[in-house]
Amino acid sequence: MSASGRTWFWLAALAVMLAGLFCLGLASGSVTIPVGQAVASLLGHPAANPVWDRILWQIRLPRCLTAVLAGSALALSGLEMQTLFRNPLAGPYSMGISSGATLGVALAVFTGALAGAGLRDIPGVPALGGMGAQLGVAGSAVAGAALVMLLVLAVARRVQSNSTLLILGLMFGQLTGALVSVLQAFSGAEQIRAFTFWGFGSYAGVTWAQLPVLTCAVLAGVAMAAACAKPLNALLLGWTYARSLGVPIQALRGLLLASTSLLAGAVTAFCGPVAFLGLAVPHLCRGLFRTADHRVLIPACLLLGASMSLASDLASRLPGGDRTLPLNAVTALVGAPVVIWVLLRRRAARDE
């Protein structure tokens, strides 16, 4: 099979897997719905049980769509960061970007920076408030992610070591986490409980009213990333090489900053700080497609990120029960082995 044939085969396979997981996501939960009935309801045919229609359209469909958007966004932002910093362990969570978004949410809510905002206004937490406050919280998350991203970019110009840059990114995350803890110390018990619940990560609280906002943010970030596909390929050989090819470095950095902050910030605002998907998925795509071409990796990360996000959400639902596992616990079980594999492979390559 030729390289192009292999690429199209795996892209089609990922698309089929995504469709299958989406249907399973609609059918699975505390109330089991036959897959055929779920698909028929989506196509406009009433289900055999009217309750199933309400469950599908009011709870499970927005949850599955959120999982698709969040997984695609995090995977793509991770790919952009790994190329931009030339660091295989870069990702929204490991470089402090998600922590910056969390700090933005905490500042907007705990300090009352938004008129009428409270923990009920955080997307993903039950008993939501007004849409204006929710948009303000989401905007604060994007601003927090952009601020940390700017700091990391500024440090990256002075630091050559990838491992040092990674440690600094983790330290930025620790600093923002410390600031969030300080804000929590001056908050009420109900606020702390709700914020802790949000920090576990979940796709269940996003409503139909919020989905258009999340969708627009993710589509804008994806469009920016797609426009950078060829310049990202040039960056693989370093900034000097890219500059010699006429790549506008400053404009590229700005576009990647905007795309990554929008993708990671919006997902964190609406779903909480979901870990490891942005770090693990790009490596799995490179191994699966055997290429570093971003024209292939961008759609691959979108499909595989969405699939892994749906699979993690499915695994977090305890079969036959009303309780769910924290989403971050499930994504860590998937992503941590990938990180270990990357570290061991790099060490083996150096030892050869």
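Which one of Thr268, Met308, Leu245 has its Cα pushed farthest toward the positive end of the charge dipole of region 230-352, where Lys and Arg give +1 and Asp and Glu give -1 at the Cβ?
Value: Leu245.
With charges only on Cβ, +1 for K and R and -1 for D and E, what is the dipole size of the chain about its Cα centre, in debye, rounded to 20?
Charge dipole, the chain, about its Cα centre: 760 debye, nearest 20.
Summing -39500 (n - 2.57) over the DSSP H runs of n ≥ 4 in the chain and dividing by its residue number, what mean residue ellipticity at 222 nm do you reach, to the nearest 500 deg cm²/dmol? List each step's numbers first, then the result.
Working: 15 runs with 252 residues, N = 352.
Counting only the DSSP helices, I get -24000 deg cm²/dmol.
Return the equivalent ellipsoid semi-axes of region 3-351 as a descending list in whole Å, where each equals the square root of 5 times an eigenvalue of the C-alpha gyration tensor. Walk me through the intermediate numbers first.
Values: eigenvalues 203, 139, 61 Å².
Gyration-tensor ellipsoid for region 3-351: 32, 26, 18 Å.
If we sort 153-159, 137-143 on the protection proxy, mean other Cβ atoms within 10 Å, highest first, what's the order? Spell out each step's value before the answer.
On the way: 153-159: 13.6, 137-143: 23.7.
Listed from highest to lowest mean packing, they are 137-143, 153-159.
Here, each number is a calculation from the coordinates, and none is a lab measurement. Note that the coordinates shown come from a computational prediction; the quantities given were computed from them, not determined experimentally. Don't worry about glycine lacking a Cβ; one is built from the backbone with ideal geometry, like all the others, and counts go over all protein chains shown.
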